Amino acid sequence: MNMIFSNFRLWWQRPRNIRDRVDHRQVTFLELFYDLVYVALIAQLTQALATQIDLTHILNFMFLFFIVWWAWLNGTSYHDLHGNDDIRTRVFTFLQMFTVAAMAVFAHDAMGDTSVGFALSYAAFQLILTYLWWRTGVHDPNHRPLSTPYVFAFLINTLLFVASVFMEPPLRFYLWGISTVISLMLPIVIAALARNRPEVQEQITLSLTPSASFVERFGLLTIIVLGEVVVAVVSGLSSLDDMTMDIGLVAILSMLIGISLWWLFFDYVSHRKPSAGRVSFLIWALTHLVVSAGIAMIGAAILNVIEQGRDTLPSDVRWLLVLAIAGVLLGIAILIQTIRVPEQYHMGFRKGQIVMVIAAMIIVALGLTSLETIPLLITIVICMITPVFFGLAFWLKETVHNLENAPETA
């Protein structure tokens with residue numbers, strides 16, 4: 001009997017103690033699989049926005065994207081802090097994936113006819129996290145002062161989404177909004193409760209000190225969202241009956257926008273931890289939300305750009321495109337301010353940051369013009385490629401430095 005229990009405990013372990021988190025570890029295939037499920041969910045939100053671009057649908061998209069991003073952040077945070085390589089972690093990760101997939105099924109009209117299904121799917125996701133955070137406090141009493149507020153917050157959010165099913169719009173969405181406010185206020189409430197409790201302050205510091213793998217997960221999510229730009233180009237081209245040189249050029253320029261976004265994010269920001277301090281971490285995390293949402297909106301805009309061809313874009317598509325690109329550029333510039341940069345690269349990063357801000361301002365100004373699609377895209381690409389060159393120069397310097405300092409092998 002003892003042997004059976006011992007083997008069971010080996011494969012069904014307790015949640016990992018927060019103090020035992022490994023800072024430098026590879027992101028597991030389970031985590032990669034978990035992130036991939038969000039591809040379907042984000043794609044549904046992006047496609048829904050692409051079909052109808054106006055202020056109401058943009059605001060709906062931003063609201064739903066926050067809900068989706070918050071789900072991803074909490075699932076990712078729990079795994080990074082308390083996950084193990086055991087059957088228990090796999091089972092509960094797969095359960096979360098089922099609920100995320102269900103959210104994707106109902107996401108295309110989550111603020112309309114499919115809102116009930118979306119609400120119940122999200123409530124199921126929250127309920128799983130409620131149980132997981134509760135178990136961390138059961139097995140680690142020292143962590144209970146921090147996990148308990150999470151449990152109550154997730155439980156309240158679950159009940160709000162379930163209760164919303166019995167309400168008619170717009171009251172249903174007001175309850176979703178209350179849940180969103182609770183999520184945003186949770187870090188502030190926890191900080192206030194722990195003000196005079198050093199042991200809780202230590203727990204908060206540990207949870208808000210991201211590991212290298214946690215930082216990498218943000219980069220992986222960005223890759224997933226960037227995929228929406230590529231999908232938009234391919235979907236736009238496949239929907240057309242005739243291919244012309246002009247359409248091909250629009251597609252190439254659209255791809256260059258996606259490539260420039262990748263280059264800027266992964267040369268300047270990716271794999272770099274935020275500066276020490278809770279405020280820096282929160283700004284770093286929430287700015288990633290802005291960047292990810294902006295990239296997804298660029299994908300929705302580009303789908304319409306491809307379908308329009310070389311003609312002058314409708315004002316709603318043009319403004320969504322330029323504002324989303326400018327928002328991402330400004331977001332990356334803010335992220336540069338929050339990350340740890342080696343002293344010798346401070347000046348290069350500062351120059352790139354300034355150029356990004358200037359590029360964002362120029363791109364916003366393009367919204368006031370009546371340029372046809374191709375000249376508009378060429379100007380945007382030029383503005384985006386300029387800060388890319390600063391990032392490329394830094395990357396080349398760092399590569400040479402790493403090669404020169406690499407240990408010699410026999």
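Please determine, in degrees from 0 to 90 and to the nearest 10, the orientation of helix 29-51 with respect to the longest principal axis defined by the Cα atoms of the chain, where the helix direction is its Cα long axis.
Here the helix axis deviates by roughly 40 degrees.
Assuming a viscosity of 1.306 mPa s and a temperature of 10 °C, what translational diffusion coefficient in µm² per second does Stokes-Einstein assign to the stretch 212-398, Rh being the Kirkwood radius over Cα pairs?
In µm²/s, the coefficient rounds to 95.
For the stretch 295-350, what's the radius of gyration and Dmax over Cα atoms, in angstrom?
Expressed in Å, the Cα Rg and Dmax of the stretch 295-350 come to 16.0, 47.
In nm, what is the difference between 0.36 nm times the number of residues separating Tyr131 and Trp12 and their Cα-Cα distance?
41.3 nm
Would you be so kind as to identify which of Ala104, Val189, Leu55 lies farthest towards the positive end of the dipole of the stretch 30-207, taking Lys and Arg as +1 and Asp and Glu as -1 on Cβ and the Cα centre as origin?
Going by the charge dipole, the pick is Val189.
To the nearest 10 degrees, how steeply does helix 115-139 sit against the main Cα axis of the chain, on a 0 to 90 scale?
40
Once you've got the GNM for the chain with C-alpha springs shorter than 10 Å, pick whichever of Gln96, Gln26, Gln353 has the biggest mean-square fluctuation.
Gln26
Between [x] 123; [y] 145; [z] 184, which matches volume of the Cα convex hull per residue in Å³ calculated for the structure shown?
Computed from the coordinates, volume of the Cα convex hull per residue in Å³ corresponds to [z].
Can you give the extra length, in nm with one decimal, that the chain gains between Leu36 and Ile358 once fully stretched, where that is 0.36 nm per residue apart less the Cα-Cα distance?
So the chain would gain 112.5 nm between Leu36 and Ile358.
Cβ under 15 Å from Ile128's Cβ, Ile128 left aside: what net charge do those residues give with Lys, Arg +1 and Asp, Glu -1?
Local net charge: +3.
Take the Cβ-Cβ distance between Asp316 and Ile374 as r, set R0 to 22 Å, and report the resulting FRET efficiency rounded to the nearest 0.05.
My answer for the efficiency is 0.70.
Which of His346, His108, His288 moves most in a GNM of the chain, Cα contacts under 10 Å?
Highest fluctuation among the options: His346.
R0 = 51 Å: FRET efficiency of Arg350 with Ile188, Cβ-based, nearest 0.05?
0.95
To the nearest 10 degrees, how steeply does helix 144-164 sit against the main Cα axis of the chain, on a 0 to 90 scale?
Roughly 60 degrees between the two axes.
Considering the alpha-carbon set of the stretch 165-280 alone, what are its Rg and its Dmax in angstrom?
Cα-based Rg and Dmax for the stretch 165-280 come out at 21.9, 68 Å.
For a quick check, take a GNM of the chain with Cα springs below 10 Å and name the residue from Leu313, Leu95, Leu368 with the largest mean-square fluctuation.
Leu368
What is the sum of charges around Gln201, taking Lys and Arg as +1, Asp and Glu as -1, for the other residues whose C-beta is under 13 Å from the C-beta of Gln201?
Local charge sum for Gln201: +1.
I want the local charge near Gln52. Using Cβ-Cβ distances under 12 Å, sum +1 for each Lys or Arg and -1 for each Asp or Glu among the other residues.
Local net charge: -3.
Sticking with the crude label model, points 7 Å out along Cα→Cβ, report the distance from Asn84 to Val234 in nm, one decimal please.
That separation, rounded to one decimal, is 3.9 nm.
Per DSSP H run of n ≥ 4, the term is -39500 (n - 2.57); total these for the chain, divide by its residue number, and report the mean residue ellipticity at 222 nm rounded to 500 deg cm²/dmol.
Per the formula, -27500 deg cm²/dmol.
With Kirkwood's inverse mean 1/r over C-alpha pairs for Rh, give me the Rg to Rh ratio of the stretch 30-207, two decimals please.
Dividing the radius of gyration by the Kirkwood radius yields 0.99.
With the crude spin-label approximation of a point 7 Å out along Cα→Cβ, what separation in nm comes out for Val165 versus His108?
Going by the 7 Å Cα→Cβ label model, 2.2 nm.
Readers should treat all values here as calculations from the given coordinates under stated rules, not as data from a laboratory. Here the structure is a predicted model, which is why all the values come from computation and not from measurement. Neighbour counts run over all protein chains shown; Cβ positions are idealised from the backbone, glycine included.
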